[in-house]
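Participant: My questions will all concern the structure given below.
Derivation of every value follows stated rules applied to the coordinates shown; laboratory data play no part. Everything numeric in this text was worked out from a predicted model, so none of it was measured. Please note: Cβ atoms are built from the backbone with ideal geometry, for glycine as well, and neighbour counts cover all protein chains shown.
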Amino acid sequence: WWPTPARRAHELPMLKRYHRKLVRQGVRDYDFAALFSDYRACLPISLYVAVSWCAEPADVERMKWVWWPQLQRALRALIDHAA
């Protein structure tokens, strides 16, 4: 849901911080490369979330304020990560 510039600026530092916290909590055998790969693998789900807001014909226009920006952000993230 983050605007693209904010996601680009913060996603890597936040993912690194999240990974450090996992390690501190005792998670082993899960390096940052695996976490980042899992993160990238989840990106297509954001397309589904955006599209689900307009699954009903009556919602296409009514909910456009929700799904359209999210769809654009999801597509940009997929392109950025070539996922």
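Participant: Compute the long axis of helix 32-52 from its Cα atoms, compare it with the longest principal axis of the Cα atoms of the chain, and write down the angle in degrees, 0 to 90, nearest 10.
Facilitator: Between the helix axis and the principal axis of the chain, the angle is about 10 degrees.
Participant: For the chain, compute Rg over Rh where Rg is the Cα radius of gyration and Rh is the Kirkwood radius from the inverse mean 1/r over Cα pairs.
Facilitator: Computed over Cα atoms, the ratio is 1.09.
Participant: While we're on this one: Nearest 10 degrees is fine. How inclined is helix 4-24 to the longest principal axis of the chain, computing both from alpha carbons?
Facilitator: With rounding to tens, the tilt is 40 degrees.
Participant: Looking at segment 8-63, which trypsin sites (Lys or Arg not before Pro) are DSSP coil and have at most 15 other C-beta atoms within 10 Å of their C-beta?
Facilitator: Here the trypsin sites (Lys or Arg not before Pro) that fit, given the DSSP loop and packing criteria, are R28.
Participant: Where nothing but the Cβ of Lys and Arg (+1) and of Asp and Glu (-1) is charged, how large is the charge dipole of segment 18-83 around its Cα centre, in debye to the nearest 20?
Facilitator: That gives a dipole near 320 debye.
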